[in-house]
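Following: one structure in structure tokens, then a few remarks.
The values are calculated or read from the model by the stated rules, or taken from the named source; none is laboratory data. A quick note: this is a predicted structure, and the numbers were derived from the prediction, not measured. Cβ: placed from backbone, ideal geometry, glycine included. Neighbour counts: every protein chain shown.
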Amino acid sequence: MGGIREFLREDIGRGDITSEALIGDRRGSGKVIARQDCVIAGLEEAAEAFSILGLRTRSLVRDGDRVCSGTAVLEVEGDLRSILSGERVALNMLMRMSGIATATSEVLAACRERNPGIIIAGTRKTTPGFRRYEKKAVVLGGGDPHRFGLDDGILIKDNHLAVVGSISAAVKAAKKASFTKKVEVEVTSLEGAREAAEAGADIILVDNMAPKEAGDCRDEIKAIDPRILVEASGGITPITAPDYAASVDIISLGWLTHSARAADLSLDITSLEH
């Protein structure tokens with residue numbers, strides 16, 4: 001799993017030859033500015049990147065805050081060469097994480113107009129090595145991280161069912177694994193939803209269904225056991241998500257971590273010491 005020190009080593013390599021050629025032993029400060037309205041995420045990570053390079057930082061807002069374009073979000077002070085050497089990694093993390101947090105916040109707001117109790121969740125469709133940061137950004141945007149990894153929850157999917165042979169057999173086997181873990185199963189039809197509910201699944205994921213079909217499955221599932229949570233997933237985007245909000249308890253979107261656009265932030269040098 002990637003870490004901030006590794007990200008810095010990747011970018012700086014054997015040294016920032018441009019800054020070393022142009023800038024002597026000088027100190028100064030800079031500010032990170034939001035160039036668009038967004039939900040800020042990644043301040044802690046940006047500050048850590050600068051701190052590793054011996055710089056001092058001060059957060060001017062908090063992770064999870066919504067800010068307007070032009071807002072200064074972070075100050076950094078110290079050796080100018082180090083500020084410039086850490087700039088890209090710090091900004092990349094802020095931009096990527098803030099983009100995810102902003103998208104999550106916007107999807108959640110749109111869906112809660114239809115269903116105030118809806119949960120918007122991420123998925124495991126994340127950038128290898130960067131999952132912890134992307135999942136954190138989903139949470140900062142008001143969403144749920146869903147499973148962090150395969151060891152974090154039981155989710156029976158289509159290929160598991162292809163091997164086991166039936167939804168009922170798969171749910172029964174999964175429930176023997178641990179009493180502490182909820183069992184979630186993915187279904188693609190009303191019949192599958194009914195079988196999963198009758199087998200005792202705790203969460204049923206209706207996959208790649210239209211909103212009406214998902215709602216029909218929810219009604220069937222809740223009639224069998226109203227405690228079962230119903231989750232919709234599969235190709236859902238910020239545009240289509242609100243259409244599902246009244247039909248299910250949870251909407252999970254891989255889009256949040258594989259397609260959300262990075263937020264626009266930049267670093268400006270604001271003072272020089274002579």
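Data for the structure
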| quantity | calculated |
| --- | --- |
| Unique match (being under 20 Å from Ser271 (Cβ atoms) and among the acidic types (Asp, Glu)) among Glu44, Glu75, Glu48, Glu20 | Glu75 |
| Selection from the range 239-263 of residues that are among the β-branched types (Val, Ile, Thr), touching a Gly at 6+ places or on another chain (Cβ under 8 Å) and closer than 13 Å to His146 by Cβ | Thr257 |
| Options Ala232, Ala177: the member that is within 17 Å of Arg112 (Cβ to Cβ) and in the same structural domain as Gly149 (by TED's automatic domain parsing) | Ala232 |
| Hey, Leu74 assigned to a helix (DSSP H, G or I), closer than 30 Å to Gly13 by Cα and not charged (D, E, K, R) or not | no |
| Filter pass, Arg227 being part of a loop (DSSP other than H, G, I, E, B) and either in contact with a Gly (Cβ under 6 Å, 6 or more places away or on another chain) or not small (Gly, Ala, Ser) (or both) | yes |
| Tabulated pairs, the range 261-273, first of a type in the set (D, E, K, R), second part of a strand (DSSP E or B) and surrounded by 14 or more Cβ atoms within 10 Å (Cβ to Cβ), C-beta under 7 angstrom, 6+ apart or interchain | Asp268/Gly30; Asp268/Lys31; Asp268/Ile33; Glu273/Arg27; Glu273/Gly28 |
| Residue in the range 29-51 that is at positive phi, crowded, with 17+ Cβ neighbours inside 10 Å and not polar (S, T, N, Q) present | yes |
| Residues of the range 164-187 that turn out to be more than 21 Å from Asn208 (Cα to Cα) and not small (Gly, Ala, Ser), as a count | 8 |
| In the range 201-233, the residues that are surrounded by fewer than 16 Cβ atoms within 10 Å (Cβ to Cβ) and either of a type in the set (Gly, Ala, Ser) or in contact (Cβ under 8 Å) with a residue 40 or more places away in the chain (or both) | Ala210, Ala223 |
| Residues of the range 52-64 satisfying the condition of being among the basic types (Lys, Arg) and crowded, with 16+ Cβ neighbours inside 10 Å | none |
| Extreme residue, surrounded by the most Cβ atoms within 10 Å (Cβ to Cβ), among residues of the range 159-200 that are among the polar types (S, T, N, Q) and part of a loop (DSSP other than H, G, I, E, B) | Thr188 |
| Which listed residue is buried (at least 16 other Cβ atoms within 10 Å of the Cβ) and touching a residue at least 40 places away in the same chain (Cβ under 8 Å), from Val76, Val67 | Val76 |
